[in-house]
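The structure under discussion appears below in the form of C-alpha cells.
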Amino acid sequence: MTITHDFVLGLLDEEQRAAVLSKASQLLVVAGAGSGKTRVFVHRIAQRIADGADPSRILALSYTNAAADEVSERLREMGIVGVQAMTLHAWCHRQPLHHFAALIGKEGSSIMAAEGSEKVLAQDMGLGERGAKQAQQELTLAKNFVEELYADHAEVVTEYDRRLAEQGKLDFDDLQVGALKLLQEH
C-alpha cells in the first residue's frame with residue numbers, strides 16, 4: 001500500500017490534522033483519554049513517510065509496552081513496516097548500551113540491578129539501608145537533569161558513578177542519560 005496524504009489525513013478531525021501537519025520538530029499534544037492522541041502520533045509518522053521519510057529511520061517511543069504495541073499494530077494496519085516502536089526504557093537498554101556504548105563512554109558496561117545499586121550506596125558508600133533509599137531517589141532526579149538537585153548532590157553522584165564504573169556497571173538512570181546524550185550528539 002502506498003501511503004498518501006489523503007489517506008493519512010482522511011480520518012482526522014481539524015485539531016488532529018493540525019497536529020499531524022505541524023512542522024515543529026517537537027510537539028506536545030495535550031488531550032483527554034480517548035481523544036485520539038495515539039491516532040495523531042501514528043498519523044504523524046505516516047505523514048512523514050508520505051513526505052518521503054524512510055520508515056527504518058523513524059523511532060516511535062512510548063512509556064508502556066501496551067502503547068508501543070498499539071502503535072506498531074496501527075502502523076502495520078496502515079501497511080507501514082520498518083518503524084521502530086518500543087518503550088523508552090527498552091530503547092535506552094537496547095540501542096545505547098548494546099550498539100552505541102562507545103559513543104556515550106560506556107563500552108563494556110552492563111546494567112546493575114536495583115539491588116546492586118542499593119548495595120553500592122548502603123555498604124560501599126556507607127549510607128545504610130535508609131540512606132541508600134533516599135540517595136537512590138535523589139540520584140535519579142539529579143542524573144535526569146534536575147540541575148538544582150545535581151548541584152546539591154554532585155559529590156555523591158560523582159562518587160556513586162565512580163564506584164559503578166569500577167565494577168563496569170550502569171544503573172537504569174545511566175541508560176536514559178546515555179540515550180539522551182546519544183540522540184543529542186548523533
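Quick check: is even one residue across region 169-182 open to solvent by 90 Å² or more (accessible area, probe 1.4 Å) and either at pLDDT 80 or above or not aromatic (Phe, Trp, Tyr) (or both)?
Looking for residues that are open to solvent by 90 Å² or more (accessible area, probe 1.4 Å) and either at pLDDT 80 or above or not aromatic (Phe, Trp, Tyr) (or both), one finds none in region 169-182, hence no.
Please state which of the following conditions Val8 fails to meet, knowing it meets all the rest: (1) under 27 Å from Leu180 (Cβ atoms); (2) of a type in the set (Val, Ile, Thr); (3) touching a His at 6+ places or on another chain (Cβ under 9 Å).
Going through (1) under 27 Å from Leu180 (Cβ atoms); (2) of a type in the set (Val, Ile, Thr); (3) touching a His at 6+ places or on another chain (Cβ under 9 Å) one by one, Val8 breaks only (1).
Kindly indicate the residue of region 101-119 that is among the hydroxyl-bearing types (Ser, Thr, Tyr) and surrounded by 14 or more Cβ atoms within 10 Å (Cβ to Cβ) and also modelled with the highest pLDDT among those meeting that condition.
Ser117
Of everything in region 30-58 that's open to solvent by 60 Å² or more (accessible area, probe 1.4 Å) and either under 21 Å from the mean Cα position of the chain (by Cα) or among the polar types (S, T, N, Q) (or both), which residue is nearest to Thr87 (Cα to Cα)?
Phe41
Just to be sure, is Glu77 modelled with pLDDT of 90 or more and open to solvent by 70 Å² or more (accessible area, probe 1.4 Å)? Step through it out loud before you land on a result.
Details: modelled with pLDDT of 90 or more: yes; open to solvent by 70 Å² or more (accessible area, probe 1.4 Å): yes.
Spelling it out, Glu77 is indeed modelled with pLDDT of 90 or more and open to solvent by 70 Å² or more (accessible area, probe 1.4 Å).
The values are calculated or read from the model by the stated rules, or taken from the named source; none is laboratory data. What you are looking at is a predicted structure, and each value in this text was computed from that prediction instead of being measured. Backbone-built Cβ (ideal geometry, glycine too); neighbour counts: all protein chains shown. These accessible areas exclude ligands, DNA and RNA; they are computed on the full protein's heavy atoms, side chains included. Shrake-Rupley method; radii C 1.70, N 1.55, O 1.52, S 1.80 Å.
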